[in-house]
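Below is one structure, written out as structure tokens; comments come after it.
Derivation of every value follows stated rules applied to the coordinates shown; laboratory data play no part. None of these values were measured; they are calculated from a predicted model. Every residue, glycine among them, receives a Cβ derived from its backbone with ideal geometry; neighbour counts consider all protein chains shown.
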């Protein structure tokens, strides 16, 4: 089962991705993009690499912490939250958690990725986070995590393949 691609995104999802990149430009265009995202239910503060795929972005919202760094070719489904698990407000971003989502990661619908202040949570290259998983610790590269709390349910083969949630393998 290949991972979703840009070609499978709806026009609305493509608009959301364009607005995510545009909001980082600053100025009037950046502020307008930010306002449009909020109206669409997308609160996306993370820095992101090229090739972001967002599917069903306005169905259930999408929230990312400002200290999240998202790599290239990452797919994020609807209803995903990447944020802080302890008390703290927007003014605490510098002291808050750090999130590193490496390249070629898939994050399933409704997944929640949480970390405490002062910690770094990394989702390794090629990892798969299952739908509605609650991730509270770093995920090694190539592993599939699911459940609440999330745990490893599959590991990638030693070849450059990724395991999907069924335990079968797909080419990277």
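Between residue 14 and residue 117, what is the label-to-label distance in nm when each label sits 7 Å out along the Cα-to-Cβ direction?
With each label placed 7 Å out from Cα toward Cβ, I get 4.4 nm.
Using per-residue counts of other Cβ atoms within 10 Å, averaged over each peptide, order 25-38, 119-132 from highest down.
Ranking, from highest mean packing down: 119-132, 25-38.
In what order do 112, 16 fall by count of nearby beta-carbon atoms within 10 Å, going from fewest to most?
Listing 112, 16 from fewest to most nearby Cβ atoms yields 112, 16.
Give me the number: length gained by fully extending residue 36 to residue 100, i.e. 0.36 nm times residue separation minus the C-alpha to C-alpha distance, one decimal in nm.
Extending this stretch completely gives an extra 20.5 nm.
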